[in-house]
Amino acid sequence: MLGFGISIFIFAAAQSATSESTVEGPVLVAEAEPALEAPLAEPPKVTADDPVRDQEVWTGPTFDEVPPPPRPSVIETLPNDIIWDGKQVDVLGVDTTDFPNILMVVSLTEGDGIPLRNLNERQLRVTEDEAPQPVTEIAPCVPDRIPGDPLSLVLLIDSSGSMQNHIDVVQHAASRFVDRLRSNDEAAIVGFCNEPILLQAMTNKKNRMKKGIYKANPRGYTALYDSVDLAVRNLKDCYGRKAIVLLTDGRDDDGTGAVLSCVTLESVVGRARKAKVPIFTIGLGDGVSKRVLERMAHETVGEFFYAPSGQEVDNLYKEVSRQLGRGEGSYYAISYRSTLDDKDGTERSIIVQYAEGYAYAHYPAPNRLFWPLSKVF
């Protein structure tokens, strides 16, 4: 009996070893087999020198987790206007507090920038995601409070060597721009030559802003893209409306015709779009790259201005102030009820049309959160 038991044990151990070896074989073969389906597309390549590569992925909580801290219900939007027959439309802000009732503050001008004094519903057309929206109210307003206020912005001033002949008039015009800001608006001042230099950190003190402006001392070359990148980084954590106002007389250049900045035009435009920071660009003189400045402005829902000489700079800063709701103009509060009243968190696109003029804006619909009963009881 003892021998028989030992034989059974040896036989069972052999069987166990055999079954283990047969399990390993198929697993290894299965891992070596090619995938049944090839990937549909190769993922985009990210170069090692692209500093924004770690910023493109949202790492915060999802709606299945704890929601992020509450943000203001006012969503900022700024104009990307198209002018036809001298008529101009600018959407300064969109308020979704009473969703699906939407409130917009809009600036309207006739030819030569003349404010439009009388407006009725028949003259205006509003669409949301291409669907016509019934306008419920139009009323003139003084934009003491624009949805998204206060305003946070960065003034970028070219301080490269080529600005030596223009710096006095630019500093004077930028100082007058600061005078038009409101007491609760914030601004940072950045000069840029071989690298961007923070002349004044974000502040609501106008005297500090002006001191920063007059610190600009022209010398060196032009790191244009790096300066915009620094401006976006300063604004990304600001609430409310945000904007960059950039003035330059040149292009990104290291003195030999090559790009000086460490970041690319595509990187800074993409970062600004993601942060919803419009860039208003002012090109001064014949040395600017209009193509680059127009792209920065149009792709970020800002606007490009061109000044052949320093004499036009003050008026262009004044026009930027008006588009930001800080200048003289004709402002209207326009209300409509969205025909898509679902709280689905989707991005909505608005087009406001007056005669032949158009303006674009956008806002995210509120997102209704559903919590499991286990978290409630």
Sole miss for SER227 among (1) out of contact with any helix residue (DSSP H, G or I) (no Cβ under 7 Å at 6 or more places or on another chain); (2) surrounded by fewer than 23 Cβ atoms within 10 Å (Cβ to Cβ) is condition (2)
Exactly one of ARG271, ARG251 is of a type in the set (Lys, Arg), touching a Leu at 6+ places or on another chain (Cβ under 8 Å), assigned by TED's automatic domain parsing to the domain that holds PRO196 and under 19 Å from PRO196 (Cα atoms), and that one is ARG251
Exercise for the section: Look at ALA258 and say whether it is part of a helix (DSSP H, G or I) and of a type in the set (Gly, Ala, Ser). Expected result: no
Within the stretch 330-362, residues being modelled with pLDDT of 85 or more and part of a loop (DSSP other than H, G, I, E, B) number 8
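A quick yes/no check of all residues on (1) farther than 12 Å from VAL352 by Cα; (2) modelled with pLDDT under 90; (3) out of contact with any Leu (no Cβ under 7 Å at 6 or more places or on another chain); (4) in the same structural domain as ASP185 (by TED's automatic domain parsing):
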{"residue": "GLY86", "(1), (2), (3), (4)": "yes, yes, yes, no"}
{"residue": "LEU103", "(1), (2), (3), (4)": "yes, no, yes, no"}
{"residue": "ASP112", "(1), (2), (3), (4)": "yes, yes, yes, no"}
{"residue": "ARG117", "(1), (2), (3), (4)": "yes, yes, yes, no"}
{"residue": "PRO132", "(1), (2), (3), (4)": "no, no, yes, no"}
{"residue": "PRO140", "(1), (2), (3), (4)": "yes, yes, yes, no"}
Checked the stretch 294-329 for anything in a loop (DSSP other than H, G, I, E, B) and surrounded by fewer than 17 Cβ atoms within 10 Å (Cβ to Cβ); matches are PRO308, SER309, GLY327, GLU328
When restricted to LEU260, LEU246, LEU293, the only residue farther than 22 Å from ALA359 by Cβ, touching a Leu at 6+ places or on another chain (Cβ under 9 Å) and of a type in the set (A, V, I, L, M, F, W, C) is LEU260
Here the qualifying pairs (Cβ atoms under 8 Å; residues six or more apart or on different chains; first in the stretch 208-233 and closer than 24 Å to GLY257 by Cα; second aromatic (Phe, Trp, Tyr) and assigned to a strand (DSSP E or B)) come out as THR222/PHE192; ALA223/PHE192; LEU224/PHE192; ASP226/PHE192; SER227/PHE192
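Residues checked against (1) under 22 Å from the mean Cα position of the chain (by Cα); (2) closer than 20 Å to SER321 by Cα; (3) of a type in the set (D, E, K, R); (4) modelled with pLDDT of 95 or more:
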| position | (1), (2), (3), (4) |
| --- | --- |
| HIS172 | no, yes, no, yes |
| SER175 | no, yes, no, yes |
| ARG180 | no, yes, yes, no |
| LYS205 | no, yes, yes, yes |
| ARG208 | no, yes, yes, yes |
Checked against (1) assigned to a loop (DSSP other than H, G, I, E, B); (2) within 16 Å of the chain's Cα centre (by Cα); (3) basic (Lys, Arg), ARG251 satisfies every condition except (2)
Filtering the stretch 262-287 down to residues that are among the small types (Gly, Ala, Ser), assigned to a helix (DSSP H, G or I) and under 14 Å from LEU156 (Cβ atoms) yields ALA272
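Yes or no, residue by residue, for (1) among the basic types (Lys, Arg); (2) over 28 Å from HIS172 (Cβ atoms):
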position	(1), (2)
THR281	no, no
ASP286	no, no
GLU294	no, no
PRO308	no, no
LYS318	yes, no
GLY327	no, no
TYR336	no, yes
ASP341	no, yes
ASP344	no, yes
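The values are calculated or read from the model by the stated rules, or taken from the named source; none is laboratory data. Note that the structure is predicted; figures quoted are calculated from it, not measured. A quick note on method: Cβ atoms are made from the backbone with ideal geometry, for glycine too, and the neighbour counts reach across all protein chains shown.
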